Amino acid sequence: MNVSNARSGALAAPVEHVRLAGYPGLVGFAVVLTSMLALVFPTGKEYADLATVTTPDRYSIAYLDVLTRGNPQEVELRFVYVKQLGALGRFDKAIGLLEPVLADPRHHLTAANMRFDLRLAQARSIPEDNPLRKETFELVYSDLKGLLPLPHDSARMRELAKVALELEHPELASKFLLRLADQTDEKGKAPILAEAAHWLRASGDGKSASANYDKAAGMTPDPTVGRAYALASIAALEAENAVPEAADRAAQYAVVYPKDLDILMKATQLATACSRDEAARDLGRQVLALAVEDDLPDAFLREQAKRELALHDPVTALKFIKRLVARHPNDIDLREAEAYVAEWAGELRLALRDWLFVMRHGRGSNAGRGGIRL
């Protein structure tokens, strides 16, 4: 065979074709490849779950930035990114990332709380001599007010009230506490209402403070605590110079606590201040009927004598003046007052004895010089 025939024979030999995988094989390969990629490159949610338990670093931050840009609608991933930025002190960037989410009603609550926490941490991190600290705390206060109408659990509500007090806004703290009381069962409501009332009074709203002390007094099963709330209610009105309202409130509590000397004495004093002569006299008599002699101050006995005289009852007034004289037998003013009232009450021998005492001590009649001294 010559060379040319050999070549032609070689060229004439059949060509062997490479076999390609069929459709089922391609589908299987795609599934395997997708699974491998999923393991190497997790989805945004999967990475978010992973990132919540890892310490942020520049690599995780960079990856989160890429994922967030690529998945702007994946809110859970964005929240993780925001938290990690906050942990690194990159507050402005973190707050900026929350802005688009705040407009979404589905995520507003979470975003608003996160922004508040970030701003508070940012404000606290600024040195006290830096003017930016005050400006940032003003933003914190604005955010805090925005959280007031939103739903919070009890622990968060108390935390927000505490921050309001730190910011020196007791009126806002009281509002959070009142909301906390609304979502607390009856057994635990009274002390929260009283705490809210305390801060309402501190903010200058004595009437609201009094109303909430009243609610607390009506809810507590402990009478000792209840009467403390009652006295606080009266004092809150007095602090606002609402004397007639305070007198009304004290009179109501005098009925609820008819054997409580502090409440009865307060009710008596306030009725006297409002010129409610008969009420003041009757309340004063309740005090005197209950009190141990040594527990009664001189001032109360003097005032009660005046209350009796104002209603033209010198006989009863004389009883109280006698008690004062027994305590201070050498007090010329008291002996002179006793002399006058004894005359009006028809006890002439007592009046004569007192006049002789007054004259022996170098004083003439006080008539014409302002009447009796009590």
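The values are calculated or read from the model by the stated rules, or taken from the named source; none is laboratory data. What you see is a predicted model; the values in this text were computed from it and never measured. Note that each Cβ is placed from the backbone with ideal geometry, even for glycine, and that neighbours are counted across all protein chains shown. Areas reflect the complete protein model, heavy atoms only, side chains present, ligands, DNA and RNA absent. Shrake-Rupley method; radii C 1.70, N 1.55, O 1.52, S 1.80 Å.
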Could you check how much of the accessible area of the range 203-349 is carbon and sulfur, as a whole percent, using a 1.4 Å probe? 53
HN-Hα J in Hz across the range 105-115 - Karplus 6.51, -1.76, 1.60, θ = phi - 60°, x for Gly and Pro: x, 5, 10, 4, 4, 5, 5, 5, 5, 5, 4
Taking the full set of protein chains and a 1.4 angstrom probe, give the accessible area of Lys266 in square angstrom, rounded to the nearest 10. 60
At 1.4 Å probe size, with no ligands or nucleic acids counted, give the accessible surface of Thr136 in Å², nearest ten. 10
How much area per residue is accessible in the range 257-344 when the probe is 1.4 Å and only protein heavy atoms are counted (Å²)? 47
Using the Karplus curve 6.51 cos²θ - 1.76 cosθ + 1.60 with θ = phi - 60°, work out ³J(HN,Hα) for each residue of the range 174-185 in order, rounded to whole Hz, and write x for Gly and Pro. 5, 5, 5, 5, 5, 5, 4, 4, 4, 9, 10, 5
About the Cα centre of the range 164-239, how large is the charge dipole given +1 on each Lys and Arg Cβ and -1 on each Asp and Glu Cβ? Please answer in debye to the nearest 20. 160
If you roll a 1.4 Å probe over the heavy atoms of the protein chains, what accessible area per residue do you get for the range 167-213, in Å²? 46
